[in-house]
Amino acid sequence: ESSGSDALEEIADSHYQMSRISILAPFVDAIIYKDYVDAVERYLQEQLPGQKITLTGHMVIFVQMIKHFITSMAKSYIIALVVITVLMILMIGRIGIGLMSMVANIAPVLCIFGIMGIFDIPLDMATILIGSIVLGLVVDDTIHFLHHFRKAYDSTGEVYAAVRETLHTTGRALVITSLVLSGGFFIYTASFLINNIRFGWLSGCAVLFALAADFLLVPALLSLAYGKRAADDIKFAVYD
């Protein structure tokens with residue numbers, strides 16, 4: 001600095017109390033940079049012991065934002081599953097069937113995440129919202145299906161007849177609404193942004209998966225649960 005060089009102005013503040021090191025890196029997915037940012041922080045701590053190291057910049061901000069975003073969404077999923085499970089049990093009135101119905105609610109979400117893993121689709125701010133959207137749609141469909149099933153089962157007393165009646169009444173409404181919803185999401189595939197395209201076709205497929213779960217998994221689980229219940233009633237009647 002005494003020789004007239006201005007080089008220190010690029011790496012220090014005006015009071016020469018803080019130095020700055022800039023690292024150039026390509027702009028890629030922030031999740032990839034998490035390990036790199038941690039490695040840079042450890043290296044600086046080792047090279048400058050006792051000094052306060054603060055990492056900043058766009059990439060550090062994006063890494064922290066994605067980290068907190070994913071963590072908060074995971075907590076939200078867990079809370080939502082617990083609350084929905086309790087409400088399903090209270091609505092149905094049986095713990096076993098309430099827990100079994102959650103299998104059909106979780107299956108479409110797992111299918112979507114499985115497709116994302118097969119096609120190497122990253123988990124970003126757009127795709128991470130699909131799980132909550134699918135969970136809300138499939139729970140709504142499952143509640144309608146189980147509500148009409150209980151009414152049909154109370155009137156007929158036969159699980160197969162109740163399922164058949166539910167499919168012919170509520171099932172038709174579920175098909176129409178699912179086709180409309182999936183078609184609305186598939187419109188996003190005409191976009192020029194890859195995030196919108198992924199969000200559109202994944203959400204549309206998720207709605208169809210939710211419909212398939214309500215038409216295939218839910219009746220099968222109800223047949224198992226109420227079939228066992230009928231068998232137990234017959235067994236008790238024989239013993240009596």
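The values are calculated or read from the model by the stated rules, or taken from the named source; none is laboratory data. The structure presented is a predicted model; accordingly, all values stated were derived computationally and were not measured. A quick note on method: Cβ atoms are made from the backbone with ideal geometry, for glycine too, and the neighbour counts reach across all protein chains shown. The area values use the complete protein model at the heavy-atom level, side chains included, leaving out ligands, DNA and RNA. Shrake-Rupley method; radii C 1.70, N 1.55, O 1.52, S 1.80 Å.
Summary table
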item: The stretch 120-150, subset under 18 Å from Leu87 (Cα atoms) and open to solvent by 60 Å² or more (accessible area, probe 1.4 Å), residue farthest from the chain's Cα centre (by Cα); result: Arg150
item: So Ser101, is it in contact (Cβ under 8 Å) with a residue 12 or more places away in the chain, among the hydroxyl-bearing types (Ser, Thr, Tyr), crowded, with 18+ Cβ neighbours inside 10 Å and part of a helix (DSSP H, G or I); result: yes
item: The stretch 203-225 residues that are under 14 Å from Leu179 (Cβ atoms), paired with ones that are of a type in the set (Gly, Ala, Ser) (beta carbon under 6 Å, 6 or more apart); result: Gly204/Ser182; Val207/Ser178; Val207/Ser182; Leu208/Ser182; Leu211/Ser178
item: In the stretch 103-146, residue nearest to Leu174 (Cα to Cα) [restricted to those that are modelled with pLDDT of 80 or more and of a type in the set (Asp, Glu)]; result: Asp141
